[in-house]
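The values are calculated or read from the model by the stated rules, or taken from the named source; none is laboratory data. Bear in mind that the values here come from a model prediction, so they are computed numbers and not experimental data. A quick note on method: Cβ atoms are made from the backbone with ideal geometry, for glycine too, and the neighbour counts reach across all protein chains shown. Surface accessibility is based on the protein's heavy atoms, side chains included, excluding ligands, DNA and RNA. Shrake-Rupley method; radii C 1.70, N 1.55, O 1.52, S 1.80 Å.
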Amino acid sequence: MAERADNPQRQDPAKTPNDLRWENERLRREVERLRRENERLKKELEAARRAGKRQAAPFSKGAPIPHAKRPGRRVGRRHGRHGHREPPTHIDETIDVPLPAHCPYCGGALAETRIADQIQEDLPVVRPHVRRFCVHIGCCRHCGRRVQGRYSLQTSDALGAASTHLGPQATSLIVLLNKYLGVSHGKVATLLRDWFGLTVRPSAVTHALHRAARQAAPTYAALRDAIRASPVVSPDETSWKVAGHLQWLWAFATPSVIIYAIQAGRGFPQAAAVLGADFDDVLVRDGWAPYRRFAQAAHQTCLAHLLRRSRQLASDHPRAAWPARVAEVLQQALAVRDQRDNDNMTAHGAAIARGRLFNDLTDLVNCPVRTAALQRFATHLAVELPAVFGFLFDPTIDATNWRGEQALRPAVVNRKVSGGNGSPRGAATQQILASVVHTARLRGLDARAVLVDLLRARRPIVSPAVTLAPQ
């Protein structure tokens, strides 16, 4: 009580009402300043987090790490296994390299001791292989219609002004360079000219891509049907520009099929346009709300997203034990999965562990938390709770949506070069060719051979190599 009476700020009879109003105004300005400072620090923290997730230049992560480990291989015994280039299985040319007539150092006579092999693998000098098809043209004596011949190596029936065009091998190379490796149209034209002696303009590259997409359109439709019939699908989406306008590139991935769709939005109607609104199999997805509108489907939410969010909350709120407890339950679920898949746990034991983990997570969701960020995460967990442990019921279900994210990664890399597509037609070509190429590579097929077969077909066909189920 004595300290309170001696406090001049609490009991100062000399302060007037004007002094108190001034003091109140000063405190109000200080609170406003601290609020603005808090908002600024929050924005800087969020920007730093986003910068840490960017993958490549020009989005640099900042200054080099001090005292970083030396790059390159380790020296001495820590080097590890030494690798070397394996010799090829065939030899096309053998050249004998005899000793010189005299020693290059002293001019003395030489005595041969042994012969050693050196293997050199090189690329041949490539020049365009030009075919001329002498197409015979006639008319039917019965109906009078015009008929022309067709050879198996032809890719078009065009004559006259359109009689000169790129062949299937060159077109397939263009597709792979642009849609798989992300090389721009201008650089593709430069590569064809400088390395292969094939003079084309960037506009010809664009035309070749559109022609390949037209031939692959039925295959794309068949892949979409295969996605709809798949027992487990992992979708994901990312932003994509079309003619400068924001759209969204969707990826739908299974163990044997990847399909892309560029659409105007990222909601339920766009996802349903590919999967069908009545999709009733398993969706392995992140926590994006439109996925939950597939009411007939079974759902598995991505545990990696939940773990990242819980760990971030634990870092932001170190005094709160709740986020770490959530992460511990999720990690235990992944450990149970690993033990089951390695035959270290029976199905009955996995079922018991699954029930215990579900109860533990339910208790955490129902545990009251005061912090707003933790409360938002608890609300999200309450909504996603039925979809958290689906992978412990069925071993064929992934615990994360890694398939969808891996399918998006090539498109994200290409987006850094192209920024998207310049027209709706280019977007349609993008989704068709990327789906065919990445599905072929996912199945271990030669994407070049698949494209060549599609280009040589007289009419657009469904590629049996891509659409048939893998053996």
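What number results when the radius of gyration of the range 327-418, computed over Cα atoms, is divided by 2.2 N^0.38 Å?
Values: Rg = 16.8 Å, N = 92, 2.2 N^0.38 = 12.3 Å.
For the range 327-418, the normalised Cα radius of gyration comes out at 1.37.
Can you pull the three principal axis extents for the Cα set of the chain, in Å, largest first?
114, 89, 63
Expressed as a rounded percentage, what relative contact order does the range 339-448 have, with Cα pairs under 8 Å and six or more residues apart? It would help to have the intermediate numbers written out before the result.
Numbers: 34 pairs, mean separation 16.1, N = 110.
Relative CO of the range 339-448 lands at 15 percent.
Please report, in cubic angstrom per residue, the volume enclosed by the convex hull of the alpha-carbon atoms of the range 202-256.
Working: hull volume 6.0 nm³, N = 55.
Dividing the Cα hull volume of the range 202-256 by its residues yields 110 Å³.
Order 423, 463, 152 by their accessible area, 1.4 angstrom probe, all chains in place, largest first.
Numbers: 423 45, 463 5, 152 85 Å².
The ordering from most to least exposed comes out as 152, 423, 463.
Pairs of alpha-carbon atoms within less than 8 angstrom and 6+ residues apart define the contacts here; what relative contact order does the chain have, in percent? List each step's numbers first, then the result.
Working: 514 pairs, mean separation 85.4, N = 471.
The value is 18 percent.
Starting from the amide H of residue 247, placed 1.01 Å from N in the peptide plane, find each other amide H under 5 Å away whose residue is 5 or more places distant or on another chain.
240, 241, 242
Which value results for Rg/Rh of the range 361-402 when Rg is the Cα radius of gyration and Rh the Kirkwood radius based on the inverse mean 1/r? Mind dumping the intermediate values first?
Numbers: Rg = 12.6 Å, Rh = 11.6 Å.
That ratio is 1.09, to two decimals.
Write down, largest first, the equivalent ellipsoid semi-axes of the range 215-325 in whole Å, where each equals the square root of 5 times an eigenvalue of the alpha-carbon gyration tensor. Could you put the intermediate results ahead of the total?
Numbers: eigenvalues 191, 63, 29 Å².
Semi-axis lengths for the range 215-325 are 31, 18, 12 Å.
Any idea which of 171, 185, 287 is furthest toward the positive side of the dipole for the range 169-316, if Lys and Arg beta-carbons carry +1 and Asp and Glu beta-carbons -1?
Sorting the options by dipole projection puts first 185.
Write out the trypsin sites (Lys or Arg not before Pro) in the range 92-146 meeting two conditions: DSSP loop, and at most 13 other Cβ atoms within 10 Å of their Cβ.
Details: sites: 114, 131, 132, 141, 145, 146; in loops: 114, 131, 132, 141, 145.
Listed in order of number, the matching sites are 114, 131, 132, 141, 145.
Can you give the % of DSSP beta bridges in the chain that are antiparallel, to the nearest 5?
In the chain, DSSP labels about 70 percent of beta bridges as antiparallel.
Can you list the trypsin sites (Lys or Arg not before Pro) in the range 362-406 that are in a DSSP coil and have 14 or fewer other beta carbons within 10 angstrom? Mind dumping the intermediate values first?
Working: sites: 370, 376, 403; in loops: 370.
Sites meeting the loop and neighbour criteria: 370.
If the convex hull of the alpha-carbon atoms of the range 66-195 is projected onto planes in all directions, what is the mean projected area in square nanometres? Present the calculation step by step, with values, prior to reporting the outcome.
Details: hull surface 81.3 nm².
Computing the convex hull of the Cα atoms and averaging its projections yields 20.3 nm².
Mind putting a number on the dipole of the chain about its Cα centre? Charges go on the C-beta only, +1 for Lys and Arg and -1 for Asp and Glu, and I need it in Debye to the nearest 20.
Details: 69 positive and 42 negative charges, 276 e Å.
The dipole magnitude comes to about 1320 debye.
Ignoring ligands, DNA and RNA, what percent of the accessible area of the range 423-471 is carbon or sulfur (1.4 Å)?
Values: 1310 of 2410 Å².
Looking at the range 423-471 in its full context, I get 54 percent from C and S.
Counting heavy atoms of the protein chains only and a 1.4 Å probe, report the per residue accessible area for the range 287-440 as a whole number of Å². Don't jump to the answer; show the numbers that get you there.
Numbers: 7630 Å² over 154 residues.
Accessible area per residue, the range 287-440: 50 Å².
Could you work out the relative contact order of the range 283-386, using alpha carbon pairs under 8 angstrom and six or more residues apart, expressed as a whole percent? Write down the numbers at each step before the final one.
Details: 69 pairs, mean separation 20.6, N = 104.
Once normalised by length, the contact order is 20 percent.
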